[in-house]
1. Under a 1.4 angstrom probe, counting protein chains only, how are TYR189, TYR327 ranked by accessible area, largest first?
2. Amide H to amide H, which residues 5 or more places from ALA378 or on other chains are under 5 Å from it, using H placed in the peptide plane?
3. Which of the listed residues, LEU673, LEU416, THR228, is farthest toward the dipole's positive end in the chain, when Lys, Arg count +1 and Asp, Glu count -1 at the beta-carbon?
4. Please compute the modelled spin-label separation between SER2 and ASP445, points set 7 Å along Cα→Cβ, answer in nm with one decimal.
5. Based solely on C-alpha atoms, express the radius of gyration and the Dmax of region 592-687 in angstrom.
6. Using a 1.4 angstrom probe and counting only protein chains, how large is the accessible area of LYS335 in Å², to 10?
7. Relative to a virtual label point 7 Å from the Cα of TRP684 in the Cα→beta-carbon direction, which members of region 605-630 show backbone nitrogen distances below 15 Å?
8. Compute the distance in nm between two label points, each set 7 Å from the Cα along the Cα-to-Cβ direction, one at ASP386 and one at ASP535.
Amino acid sequence: VSRQLKEEIRRGFARLEDPLAGFLAMLESSSDWKRKGHSLGHCITTELQFWIKTHPAVPQSGTKLKKLQARVLGMLSQCPTNLLDPLISIYQLHTADRNCLLEHVSHLYLQGSYKEAAILSIKLKLQPDQDVEKMCTPLLLQDKANLVEDYVAEYPELQRKLLQTLDKWCDPSFNITDITRPYQGLSRYKPEKFNRRVLSKLVFRLLERFNVDPALCPNVINQRHLRTLNYLFYKRFVEKTMTEENWADHIQSTVGESRWLQGQLVQALLRHCDARGAARWARHCHVPPDMLPHALAQELHQLHLQDRVEEVTKAENYEASKKKDYYQIPISREKIHFLQTWEETLQCWEKVLQPGQVVGVDMEWKPSFGMVGKPRVALLQLALKDEVFLLDLPQLLKQAEAEGEKEKLPHFIQMLYSDTAITKLGYGMSGDLSSLAATCSPLKDMEKQMRGVVDLLAVDKQVDGLSPEHSHEERGARQPEKGLSLLVQHVLGKPLDKTEQLSNWEKRPLREEQILYAASDAYCLLEIYERLCKDPESFGLGSDLTDSLMGKQSKKPRAKKQLNKQEAPSPSGQECQGPRTEPSGPPAPISPREFSVVCDNMLQGLGRYLRCLGVDVRLLDNGDDHRKAAEIARQEGRVILTSGLPYQTLRSQVGEGRCFSVNCSEKAKEQALQVLKHFNVQVWPSDIFSRCQ
């Protein structure tokens, strides 16, 4: 807006005997102000607001102002959003009779203007005098969850009431059509967006945003725990990729003392085990005897010591076979140190922070199984050539805080990562660092300070012949290797044993299997790096491997944030097509025909757009559970494209780089560009519409 126009507007106000009444009359006689954006009406309104501040005598009071307020109220429901605040300020609607304001909003609601009623309530801060369930129900039916969040944002009591209402609706015995029936004729009604799965996701989002105790929503929490329970049974009895001890840890922490979940556990045991096995696990998980069916209770009485002897023998045989099939750390157990005190940790520092040192770095955290919050690192592993240090981060942080030295840990980690004289090896380090930042907030900008870092994930994409299919042929019936385990197999001859990957890393004491797994995960990085540096050409890498990777990392830290190891870029398993002469450059592009994905059900627009570009796309239906994406990805070798909370669940079910989180707020075209760039997919004119639509 030109300066000349602004001055003319202000002179006009100065000439008016009653600027507020005159301005209102102008609005009532024109429709220009109803236009969105910066219309002339918007310009005049904001100028009046500014002009009033410099002329304090203008604002009125008493009967005359009340009449103006009544007229303005009638216009607000037709106002573009950018005019609401100025008009409310100019006509002092916050001082108007509250009953009149509530009556006006109620009138809008009865007319079916639910969105307008909610926005006006927010602007006038009327929420404490309204029924939160009544106001929010039609908004949820119209898929306006963001407006619902804004409606309760400043009122903790309303947040709790809303969450309790949503949790009531998520009770499996609740008839959800009782809610939808009165709104059958509702405009823009989206029934596919109003179901227990969508409402459950909203509950978790609200719990995290408003930091509310999850115990307020027992139905939603129990259903999430039930899904976790089913997933754990799948991992143990179908996929057979979890050890008994690891599985039992998670089952116990998931079920806890909830009688409802204990009942679900008993049913699942009867589906997956024989009577003796079900009885043994029921005893192990401390299920109360009165919850067991009669036959199972009898079996429990018949269990005796021989059962335990058989299990020990079976476990010993299993351990012997593991040593034959999987990578084994080449240092003795005495050289693996579990550190829980600062006295021990300071001795570790002296060895790690030596110029010329090469350190393998890894981290572990308890799997979230889709629960609220970011993962917090429970164990930090630092591997040197002759020994490995496992730092108990929760205990060390607690001890440092008690001693008033909270900066101890971040100081050590910053020294380690910023020292160019120390080579740090990792695999998907950005994901580790984001979890470390969630654990220790002073480390949130750590990625910008990284120097002397080699992320073997970058090497992974350049190594010749690295593919899950190749691994699967060699290994027979077991699940195909992926990520770091596949790289270890290709370079060192045997894969990592990943059965402890989904362990409960927060439980103390750690089991011996967990300690060996954690040490191996960090130590194998040293052996891979040493082997690749000695003979890079045999793996299709350039001879300047160290210089190119170190130079690239130390000069310019990776700008692209990754939520975890699993999100790190990997072009759909097509890591390599031949020898590389430029290892520091981007990975070779792949064509859309080589790129296959499965799109979660909130990304159907993205899926259709990618299909138009020639990408092999499978779409989940609206009613499908998110976990179906993981099944399809594993069976058909596809990359999962998802967004939001499902990412936390899906990423743990597929390999590193096989699950990507898309920005759901962007349009399909922008999402597609993000995916193509991330996976280095090169689209040519011949690819467009090359697949049947």
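The values are calculated or read from the model by the stated rules, or taken from the named source; none is laboratory data. Here the structure is a predicted model, which is why all the values come from computation and not from measurement. We place every Cβ from the backbone using ideal geometry, glycine too, and count neighbours over all the protein chains shown. Protein only, heavy atoms only, side chains kept; ligands, DNA and RNA dropped before computing areas. Shrake-Rupley method; radii C 1.70, N 1.55, O 1.52, S 1.80 Å.
1. TYR189, TYR327
2. Excluding prolines and chain starts, which carry no amide H, the hits are GLU364, TRP365, LYS366.
3. So the residue furthest toward the plus end is LEU673.
4. It works out to 4.5 nm between the two label points.
5. For region 592-687, the Cα radius of gyration and maximum Cα-Cα distance read 12.2, 37 Å.
6. Number for this one is 90 Å².
7. So the set is 614-615.
8. About 2.7 nm separates the two model spin labels.
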